[in-house]
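Okay, so here's the structure we're looking at.
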Amino acid sequence: MRATAKVPVVTIDGPSGSGKGAVAAILAKQLGFSLLDSGALYRVLGIATLKANLELENHEAIRDLAHNMQVEFGRFGADSVELNGEDISLEIRTDIGSDQASKIGAIPAAREALFQRQLDFRQAPGLVADGRDMGTVVFPDAQLKIYLTASPEERAQRRYKQLIGKGIGAILVDLLRELKARDQRDSEREISPLKPAADALVIDTTSLSLEQVVEKVVRLAAQALA
């Protein structure tokens with residue numbers, strides 16, 4: 001058994017717009033744990049694929065790109081992401097970044113290449129990991145597994161407000177259509193489909209505020225890690 005396997009992990013999975021990223025960031029800060037935004041890794045690889053002019057059918061080249069790309073989080077602020085020294089923090093949060101991440105996530109070779117990168121985030125004193133398969137595939141031995149969900153309409157509305165708040169143009173009806181398409185793609189893919197782990201606690205956040213969800217999750221984490 002690797003020594004890191006003894007490090008506690010809390011996983012927070014769910015579809016886009018369920019609030020998992022915000023909740024995970026707050027929980028990690030409160031616990032003093034490291035944070036893994038697994039979706040950011042897939043977004044980075046998606047943008048890297050575009051920059052390298054690679055076709056999504058070229059799985060071998062995408063796998064090599066995933067192994068060799070240099071990624072750094074947080075050097076220019078909590079949400080900053082760099083790819084080979086270039087700040088792509090805004091790029092990866094666009095609709096193109098989201099769409100590319102979903103398509104990359106359906107490529108087995110890409111998932112395999114990013115798997116070890118995710119495992120390496122498991123360091124003392126603990127880790128909060130958010131994504132779509134953190135509790136089912138990457139950290140199946142996590143001490144606590146949370147699955148956040150919400151109605152497609154509510155998630156699209158949240159996404160719209162997030163983009164507008166960052167000065168990124170968006171059309172709500174288009175966001176809803178793309179979100180539903182991504183939900184279907186993520187849930188039906190053969191490798192690591194989006195679904196709650198068998199032992200995950202499912203929380204519907206549709207009618208809950210961020211503060212209410214955080215309160216629930218913090219309480220559950222305190223019990224699981226006691």
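For the reader, a short list of remarks on this structure follows.
- Number of residues in region 76-90 that are hydrophobic (A, V, I, L, M, F, W, C), surrounded by fewer than 16 Cβ atoms within 10 Å (Cβ to Cβ) and modelled with pLDDT of 85 or more equals 1.
- Helices (runs of 4 or more DSSP H) (entirely within region 1-71) containing at least 3 residues that are touching a strand residue (DSSP E or B) at 6+ places or on another chain (Cβ under 6 Å): 20-31, 38-51
- Candidates ALA110, ALA156, ALA101, filtered to the one that is of a type outside the set (Ser, Thr, Tyr), under 14 Å from the mean Cα position of the chain (by Cα) and crowded, with 22+ Cβ neighbours inside 10 Å: ALA101
- Among the numbered conditions (1) charged (D, E, K, R); (2) over 13 Å from the mean Cα position of the chain (by Cα); (3) surrounded by 14 or more Cβ atoms within 10 Å (Cβ to Cβ), the only one that ARG93 does not meet is (2).
- Evaluation of ILE191 against (1) assigned to a loop (DSSP other than H, G, I, E, B); (2) within 20 Å of LEU27 (Cβ to Cβ); (3) out of contact with any Ser or Thr (no Cβ under 8 Å at 6 or more places or on another chain); (4) among the aliphatic types (A, V, I, L, M) (one fails), failing number: (2)
- Any hit, region 151-158, residues being of a type in the set (Gly, Ala, Ser) and not in a helix (DSSP H, G or I): yes
- Any hit, region 156-170, residues being of a type outside the set (Val, Ile, Thr), more than 21 Å from ASP95 (Cβ to Cβ) and touching a Lys or Arg at 6+ places or on another chain (Cβ under 9 Å): no
The values are calculated or read from the model by the stated rules, or taken from the named source; none is laboratory data. Being a predicted model, the structure only gives us computed values, none of them experimental. All Cβ positions, even for glycine, are placed from backbone atoms using ideal geometry, and neighbour counts span all protein chains on display.
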